[in-house]
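Reviewing the structure listed below.
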Amino acid sequence: MAIKIAFCNQKGGVGKTTTAVNLAAYLAHEGKRVLLVDLDPQANATSGLGVYPESAKANLYHYISGQAQAQDVVVSSGIENLDIIPGSKDMAGAAVELISEQDREFKLKEVLDPISEYYDFIIIDCPPSLGILTINGLVAADKVVIPVQCEYYALEGLTQLLETINLIKENITPDLEIMGALLTMYDRRNKLSAAVAKEVRRNFPGKVFESVVPRSVALAEAPSYGKPISCYNTISKGARAYKGFAYEIIKTIN
């Protein structure tokens with residue numbers, strides 16, 4: 001059965017989608033069978049792999065609204081070993097519709113359980129909020145990775161998110177495990193980045209990945225070409241960081 005990892009942070013612009021897309025790609029390059037799930041109504045993970053929601057016959061919303069079966073919403077990314085369940089702007093409507101649904105926290109889990117045997121990893125890109133879609137992502141997951149931008153308010157947002165994850169562990173999925181925080185957008189020229197990184201490691205000992213993702217022009221450009229960094233610029237600092245992160249994930253799982 002697949003290891004299901006949710007990437008979650010209620011703050012926007014922390015590199016969450018960039019991390020989910022590039023980890024999924026590097027795991028696939030390592031021969032792992034990977035499914036990327038785009039829970040975000042912005043669907044940036046979908047377009048970041050060159051898959052456009054309007055061209056997909058079905059997406060996650062169609063399953064949640066009862067218009068498609070689980071296997072119908074999975075499409076190939078065009079990268080060997082990597083499939084995707086596309087997101088779409090309709091997921092914003094799903095968030096509203098789910099409020100009145102029974103067992104609404106388990107809708108994504110219902111999608112993934114029947115197909116998880118076909119994958120080694122399922123990567124879930126959650127929206128930048130702590131709403132019902134993110135809760136679905138956390139309930140469906142086995143593990144959580146928290147991308148943390150190296151900026152002033154990082155710890156404040158991280159503390160709030162950890163409280164939400166603990167509530168879900170206590171009330172719904174007691175086996176949910178926090179794998180760790182990944183430091184992103186690190187600027188070695190900026191003293192604040194170093195200070196934030198040091199503070200995060202001090203507050204969460206043993207729960208911060210060794211890999212650190214730098215600010216990178218190549219990482220910012222790659223999505224506009226519909227490619228992960230591994231297919232756009234393999235020698236960039238961002239590419240090396242995410243390749244190292246993928247190795248850390250594989251090592252941690254094994």
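The values are calculated or read from the model by the stated rules, or taken from the named source; none is laboratory data. Every value quoted in this text rests on a predicted model; they were computed, and no experiment measured them. Positions of Cβ are backbone-derived with ideal geometry, glycine not excepted, and every protein chain shown enters the neighbour counts.
Screening K11, K16 for residues that are surrounded by 24 or more Cβ atoms within 10 Å (Cβ to Cβ) and closer than 21 Å to G238 by Cβ leaves exactly one candidate, K16.
Within the span defined as segment 173-181, one or more residues are under 30 Å from S100 (Cβ atoms), hydrophobic (A, V, I, L, M, F, W, C) and touching a residue at least 12 places away in the same chain (Cβ under 8 Å). Residues in segment 138-153 that are surrounded by fewer than 24 Cβ atoms within 10 Å (Cβ to Cβ) and touching an Asp or Glu at 6+ places or on another chain (Cβ under 8 Å): V139, D142, K143. I'd like the residue in segment 71-91 that is surrounded by fewer than 16 Cβ atoms within 10 Å (Cβ to Cβ) and touching a Pro at 6+ places or on another chain (Cβ under 8 Å) and, out of all such residues, is nearest to S129 (Cα to Cα). If we take residues in segment 71-91 being surrounded by fewer than 16 Cβ atoms within 10 Å (Cβ to Cβ) and touching a Pro at 6+ places or on another chain (Cβ under 8 Å), then K89 is nearest to S129 (Cα to Cα). Please determine whether any residue of segment 164-172 is more than 16 Å from C8 (Cα to Cα) and without any contact (Cβ under 8 Å) to a residue 24 or more places away in the chain. Within segment 164-172 (the criterion being more than 16 Å from C8 (Cα to Cα) and without any contact (Cβ under 8 Å) to a residue 24 or more places away in the chain), the answer is yes, since at least one residue qualifies. Whether a residue is part of a loop (DSSP other than H, G, I, E, B) and over 23 Å from I132 (Cβ atoms) was assessed, and G50 passes this test.
Here the condition is being at positive phi, exposed (fewer than 14 other Cβ atoms within 10 Å of the Cβ) and of a type outside the set (S, T, N, Q); of G180, G206, it holds for G206 alone. Just one residue in the set V213, V196, V217 is loosely packed, with under 14 Cβ neighbours inside 10 Å and β-branched (V, I, T); that residue is V217. With respect to G87, is the statement that it is more than 30 Å from G206 (Cβ to Cβ), modelled with pLDDT under 90 and not aliphatic (A, V, I, L, M) true? It is true that G87 is more than 30 Å from G206 (Cβ to Cβ), modelled with pLDDT under 90 and not aliphatic (A, V, I, L, M). So is N190 of a type outside the set (V, I, T), more than 25 Å from A220 (Cβ to Cβ) and at pLDDT below 85 or not? Here the answer is no, as N190 does not meet what is asked. Residues of segment 143-189 being in contact with a Cys (Cβ under 8 Å, 6 or more places away or on another chain) and among the basic types (K, R), which ones? Matches in segment 143-189: none.
Being farther than 15 Å from L23 by Cβ and assigned to a helix (DSSP H, G or I) is a property that R202 has.
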